[in-house]
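Engineer: Dropping a structure here in structure tokens format, bear with me for questions.
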Amino acid sequence: MTESATPSRSEALLEVEDLSTHFSIGAGRLRAVDGVSFSLQPGQTMGIVGESGSGKTVLSRTIMRLNLGNNVHTSGRVRFLDKDLLELPMKAMTDIWGQEIAMVFQDPMTSLNPVVKVGRQVSEHVRKHLGVSKTEAKKLAVELLRSVRIPEAETAIDRYPHELSGGMRQRVSIAIALACSPKLLFADEPTTALDVTVQHQILNLLGMQQQERSMAMVLVTHDLGVVAGRTDEILVMYAGKIVEKAKTAEIFQTTEHPYTEALLRSIPKTDQPSHTRLAAIAGRPPTLIEISKGCSFSPRCPYAQERCFEEEPVLEETTPGHYTACWYRVGTPENQEAWDKNLAAGRLSTLAIDQGHIVDEVPVNVGSGGN
Amino acid sequence: MLGKVIALRMVRLIATLFAVSLITFLMVEQLPGDPILAILPPEALDDLENIERIRKELRLDDSVVTRYFRWVGDALQGDLGKSYITDQPVSDAIKDRIPVTLELAFLATFLAALLAVPIGAFCAYREGSRVDRIMSGITTTALSIPGFVAGIFFIWLFTLKFNWLPSTGWNRISDKGLIANLKTAILPAASLALAPLAINARLIRADMIGTLKEDYVLSARAKGLRDRYILMRHALRPSSLTAVTVFALQFGGLIGGTVVIETIFALPGLGTRLISGIYQRDVMMIQGITLFIASVYVIVNAAADFLYLALDPRIRRR
């Protein structure tokens, strides 16, 4: 996999090189993450975007080495500061977890222990990492809960998670993650399980805390709307691979990958009058078990041509800082040509967008026989 | 809310105790043979007048219903009647014997819990490892050995072979002190503990394997907590609900179930008193001790329900 030389390599807080995570399962080898590289500067925010099953959660857990089980095969390199995370003994990881790198999980209903009081969950790892006393830890817990805007923090520390609302619980999760002032925070779909009204509060809270603490953040989400104003750079993943990577503004202005375009269309906003197509992506993500030749998005792609089913596109720098893996990039004349050709041939995924149908299943043989 | 839950369980508890007393009474009532025949020496059995006099004296000529309610009414006031044979009040016999049985039950439960928790937790943590598989073999073996066989083996090993511990008899704490007491208690307690230990190690292992897959265990890991801390502080409590119920059931069972072990080790416990009562056809003694054992069992079970409330704060709301 070709990869960028990052501009300021030495300053990078996190550098991921050709990272792959495969799971051995009954049916074969599941390639959840396949040859992913990127780097993150201190204090910066990276958005990782993709559908469920695109490998974004596994990617963040691989970087943190939280994937358990003996069926996990990881290769590649993860450099965090001057440490090679994948080479560290697990005991050394317990000093990094929570203290240097922390994670906010998707579902605050399940990520907090139901039988442990909130106060202890917020401060127990502080006691371990920073060696503070019990009373100090309690004081710190109250402060932390205050900093994430939990009302009546003094009494909240003696509550159990089930006594708090979903939004409050996610605030608790954030307080836990922030407790030791980590340098890097992974937020794995931090708002997916929450009410829409609460989502923005949580995202704003994360952004505010990030700035206050000048902490780097990786924001994992399926919703491009979430990362729009909140990230410096966006990484779009599909089937375990990066398909497009660029500065946030760049990716919204000049979207190059058809998958990114499709994701953008699925945001229920219509400030782009030219795009009046259906807000759904035809078909489903691939299972990641069988190795398909060609581009993994091709069965669902409205622009897919013969070549897309045969030959896998590599991630190339198209303009400085903008990387895309596609033979027929959106916005190019070749792309328009491909679209017209597919429309004329009556290709399903193209028709779905053009005529506003929803196509749930795209037949596998569409590519070879359809056009 | 909580008050209502407790009140409801108390009502259920009382109803169960009532049923227990009725069944106990009826069962003893159905025993073959006239209790009077057991009281009198063989040569006095011809004197029918005398038999009728004693029957009247013991008020055995009343109807079943009358005798049942008299017995329950007295029992509610702490009077379980007197032995027809020795004239000893049944409640005195229980008071005299219960310390031995209680100590055995407590000690056995304590031993079982002390070992079951770390074994279960470790096997769950290292699920599928060699240690896990070996422990699984050991627990299966332990489960298939009856307590009295283990007891006999322990006597052979610790008394006959090494001569470390006495094989039979009982030293009261009040007479000989704690060490001497434990010396006589440890072997029977260990024999009793074997099965509960094996069952609970397996229960805790199974529950904990489930708990370790929970998101909150992963998030505890991501906080950088040590594995042992996560196991004991985060995973154990949610994994112990089944085990706590079973421990309570076993403890209740041990109160009545030490009969065989008490006999093997010749201990002056409730079980041996019950056995001698049965041999002597001592109706009041059998009835009283059975009711007592059954009541303890039922009450301990209710207590386990309340322990649930303490272990899982989520139940307190329902």
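Engineer: Give the aspartates and glutamates reachable from A:Lys138 as a straight Cα distance under 12 Å; neighbours fewer than 8 places away on the same chain don't count.
Structural biologist: Answer for A:Lys138, where 12 Å is the Cα cut-off: A:Glu124, A:Glu154, A:Asp158, listed by chain and number.
Engineer: Right, something else. For Cα pairs less than 8 Å apart in space and 6+ apart in sequence, what is the mean separation divided by the residue count of chain A, i.e. the relative contact order in percent?
Structural biologist: Numbers: 712 pairs, mean separation 65.9, N = 371.
Computed value for chain A: 18 percent relative contact order.
Engineer: Let me ask another. Which lysines have a Cα lying under 26 Å from the Cα of B:Lys82, excluding residues fewer than 8 positions away in the same chain?
Structural biologist: The reachable lysines, counting only those whose Cα sits under 26 Å from B:Lys82, are B:Lys56, B:Lys95.
Engineer: From the phi angles alone, apply the Karplus equation (6.51, -1.76, 1.60; θ = phi - 60°) to the range A:43-50 and give each ³J(HN,Hα) in whole Hz, x where the residue is Gly or Pro.
Structural biologist: 3J(HN,Hα) across the range A:43-50, in whole Hz: x, 8, 10, 10, x, 10, 10, x.
Engineer: Here's another thing I want to ask about it. How high is the FRET efficiency between B:Ala180 and B:Gln88 when r is their beta carbon distance and R₀ equals 25 Å, given to the nearest 0.05? Let's see the in-between values first.
Structural biologist: Numbers: r = 27 Å, r/R0 = 1.09.
Efficiency for this residue pair is about 0.35.
Engineer: Another question about this same structure. Per residue, how large is the accessible surface of the range B:92-317? Use a 1.4 angstrom probe and give square angstrom. Before the final figure, lay out each step's value.
Structural biologist: On the way: 10290 Å² over 226 residues.
I get 46 Å² per residue for this part.
Engineer: On a straight-distance basis, which lysines could pair with A:Lys56 in a cross-link, Cα separation under 27 angstrom, same-chain partners fewer than 8 positions away excluded?
Structural biologist: Correct list for A:Lys56: A:Lys83, A:Lys91, A:Lys183, A:Lys241, A:Lys245, A:Lys247, A:Lys269, A:Lys293, B:Lys213, B:Lys223.
Engineer: Using only Cα atoms, tell me the angle between helix B:130-144 and the longest principal axis of chain B; keep it within 0 to 90° and round to the nearest 10.
Structural biologist: 10
Engineer: Okay, next question. Leaving ligands, DNA and RNA out of it, work out the accessible area of A:Cys301 with a 1.4 Å probe and give it in Å² to the nearest 10.
Structural biologist: Accessible surface of A:Cys301 is approximately 10 Å².
Engineer: OK, next. So how do A:His322, A:His73, A:His129 rank on accessible area, 1.4 Å probe, biggest first, that is with the largest at the start?
Structural biologist: Numbers: A:His322 0, A:His73 65, A:His129 30 Å².
Result, largest first: A:His73, A:His129, A:His322.
Engineer: Evaluate the relative contact order of chain B (contact order divided by residue number), counting alpha-carbon pairs under 8 angstrom at least 6 apart; express in whole percent.
Structural biologist: On the way: 343 pairs, mean separation 83.9, N = 318.
About 26 percent, as a whole number.
Engineer: A follow-up question, please. Out of A:Ile101, A:Ile242, B:Gly177, whose Cα points farthest toward the positive end of the dipole of the protein assembly as shown (charges: +1 Lys, Arg; -1 Asp, Glu; placed on Cβ)?
Structural biologist: B:Gly177
The values are calculated or read from the model by the stated rules, or taken from the named source; none is laboratory data. It should be emphasised that the depicted structure is a prediction, and the values quoted were computed from it without experimental measurement. Every residue, glycine among them, receives a Cβ derived from its backbone with ideal geometry; neighbour counts consider all protein chains shown. Calculation scope for accessible area: heavy atoms of the full protein, side chains included, ligands and nucleic acids excluded. Shrake-Rupley method; radii C 1.70, N 1.55, O 1.52, S 1.80 Å.
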